[in-house]
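Peer 1: Pasting a structure here, questions to come.
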Amino acid sequence: MPLMINQVSKIEKEYSVIVAGAGPVGCVIAERLASQLGWKVLLVDKRAHIAGNCFDTRHESGVLIHRYGPHYFRSNKIDLVNYLSNFTKWIPGNYIVKSSVNNDLYPFPINLLTLRQFFKQPDLNAEQAEALLASRREHFPNPANSEEFVLSRVGRELYEAFYLGYTLKQWNIHPRDLAPSVCGRIPVRLNTDERYVDHEYQLTPAEGFTNMFTNMVSHPNIDVMLETDFETLRHSLKPGIATVYTGQIDEYFDFKLGKLPWRSLQFEFKEEPTEYTQPCVQINYPNEHGYTRTVEIKHVTGQKHPHTVISYEYPTAEGDPYYPIPMEANAALYDRYKALAEEETANNNVYFCGRLAEYKYFNTDEVIERALHTFNLIKNRYEH
């Protein structure tokens, strides 16, 4: 286990680097600095645990749950898998998602099976499916927003059935007011592959994400301080070399240019006295209920337990920051903060990395790659 320092302990060590945030970014950078450069690192987090939003823990029933929503690790890069394999064994990821439309469950993202079921054409082949979509697409050569993007790919029927309601609930913003990238992340396939993603490596840590990140920071050069806001240390404890900041970029600068808006989530966990209740890990509800999706993470974790736990996700405007809101005004404000961050890096050796610090949604594999990139920046600047 990593050395945990409580809030009132006297910190006697000289730290080369302070890392603000013990999520995936902070854990990866701390591990690399400690193991590869031999630097002393203090890893600080305001929460009572490491692993950030990847944190998984035991529900009171004993079932392992993903406390902040499901995290599905996928990658096409064997080097990334090999790096993480230093800290975990793996089991195959079973990432199957369905969408509830008119009380029927459809494979999602949309694929050939979805089209056969939705249009009641059980013998539809890929060529016919392409012709069907072409007949329904609306003409937007250069889609300016998410609505135009989806209409240009699948037409209005599928847009209204699978995308419109979900987007309105998730963002509380109409798709016509969101960047094309919001819905552009979701593929449309003309095959029968039901997997949520088509990456080569779809895995989950055998003992969970928290275990993997705990192993990562269990290094003699790393101290971990939980339930501590970085702001309380920022001006009193100076690292010898650099600071890595993974929190909200606008908060670092005291919101002096204004606040960057986020969407948040609230979670409700319900235990069910049966081994499974859903046919797959995730069911989306674009057009019914106040929640956007239900998740039965047992489908992924492989755990054996006579009961199961379903999580219900409710998007909200207030709460922990989960999703940066992709609108032009927000991107422009972030760019102004980014300019301040670049000055802070050049002048004060503070490095900004991750979803909160870069105001960008990253998948788990992507954010770990960002952390490795930032480690290399630090290494190249200071190691001679």
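The values are calculated or read from the model by the stated rules, or taken from the named source; none is laboratory data. Note that the structure is a prediction, hence the values are computed from the model and not measured. Positions of Cβ are generated from backbone atoms using ideal geometry, with glycine treated the same way; all protein chains shown enter the neighbour counts.
Peer 1: In the range 142-166, which residues are of a type outside the set (A, V, I, L, M), surrounded by 15 or more Cβ atoms within 10 Å (Cβ to Cβ) and without any contact (Cβ under 8 Å) to a residue 40 or more places away in the chain?
Peer 2: Across the range 142-166, the qualifying residues are PRO143, ASN145, SER146, GLU147, GLU148, PHE149, SER152, ARG153, GLY155, TYR159, GLU160.
Okay, residues lined up against (1) touching a strand residue (DSSP E or B) at 6+ places or on another chain (Cβ under 8 Å); (2) at pLDDT 95 or above:
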residue: VAL154; (1), (2): no, yes
residue: ARG185; (1), (2): no, no
residue: ALA206; (1), (2): yes, yes
residue: MET225; (1), (2): yes, yes
residue: HIS235; (1), (2): no, no
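To keep it simple, each residue is scored yes or no on (1) free of Cβ contacts under 8 Å to residues at least 60 places away in the same chain; (2) more than 20 Å from the chain's Cα centre (by Cα).
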{"residue": "MET225", "(1), (2)": "no, yes"}
{"residue": "SER236", "(1), (2)": "yes, yes"}
{"residue": "PHE253", "(1), (2)": "no, yes"}
{"residue": "LEU260", "(1), (2)": "no, no"}
{"residue": "PHE267", "(1), (2)": "no, no"}
{"residue": "LYS270", "(1), (2)": "yes, yes"}
{"residue": "THR301", "(1), (2)": "no, no"}
{"residue": "ILE310", "(1), (2)": "yes, no"}
{"residue": "THR316", "(1), (2)": "yes, no"}
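Peer 1: Testing THR294 on (1) buried (at least 18 other Cβ atoms within 10 Å of the Cβ); (2) more than 17 Å from the chain's Cα centre (by Cα); (3) free of Cβ contacts under 8 Å to residues at least 24 places away in the same chain, one condition comes back false. Which one is that?
Peer 2: Only one criterion is unmet by THR294, namely (2).
Peer 1: Quick check on my filter: what residues within the range 317-339 are surrounded by 14 or more Cβ atoms within 10 Å (Cβ to Cβ) and either touching a Lys or Arg at 6+ places or on another chain (Cβ under 9 Å) or within 10 Å of TYR359 (Cβ to Cβ) (or both)?
Peer 2: Answer for the range 317-339, where residues must be surrounded by 14 or more Cβ atoms within 10 Å (Cβ to Cβ) and either touching a Lys or Arg at 6+ places or on another chain (Cβ under 9 Å) or within 10 Å of TYR359 (Cβ to Cβ) (or both): PRO321, TYR322, TYR323, PRO324, ILE325, PRO326, ASN330, ALA331, LEU333, TYR334, TYR337, LYS338.
Peer 1: A further question follows. GLU344 passes all but one of (1) in the same structural domain as GLY52 (by TED's automatic domain parsing); (2) within 30 Å of PRO180 (Cα to Cα); which number fails?
Peer 2: (2)
Peer 1: Strands (runs of 3 or more DSSP E) wholly in the range 211-276 with at least 3 residues that are buried (at least 19 other Cβ atoms within 10 Å of the Cβ) - which ones?
Peer 2: Qualifying strands (runs of 3 or more DSSP E): 222-225, 242-245.
Peer 1: Next up: Looking at (1) of a type outside the set (Ser, Thr, Tyr); (2) in contact with an Asp or Glu (Cβ under 9 Å, 6 or more places away or on another chain); (3) outside any strand (DSSP E or B); (4) in contact (Cβ under 8 Å) with a residue 60 or more places away in the chain, can you tell me which one ILE283 breaks?
Peer 2: For ILE283, the failing item is (3).
Peer 1: How many residues does the range 363-376 contain that are more than 26 Å from VAL182 (Cα to Cα) and surrounded by 14 or more Cβ atoms within 10 Å (Cβ to Cβ)?
Peer 2: The number of residues fulfilling the criteria is 1.
Peer 1: Do any residues in the range 330-346 that are under 16 Å from ASP254 (Cβ atoms) have Cβ atoms under 6 Å from those of residues that are in a helix (DSSP H, G or I) and of a type in the set (D, E, K, R), where the two are at least six apart or on different chains, and which pairs are they?
Peer 2: These pairs meet every condition: TYR337/ASP250.
Peer 1: Restricting attention to the range 105-125, and to residues there that are crowded, with 17+ Cβ neighbours inside 10 Å and aliphatic (A, V, I, L, M), which single residue is nearest to PHE162 (Cα to Cα)?
Peer 2: Step by step, filter the range 105-125, then rank; the result is ILE110.
Peer 1: Run down ASP177, ASP229 and say which single residue is charged (D, E, K, R) and in the same structural domain as ALA51 (by TED's automatic domain parsing).
Peer 2: Matching residue, one of ASP177, ASP229: ASP229.
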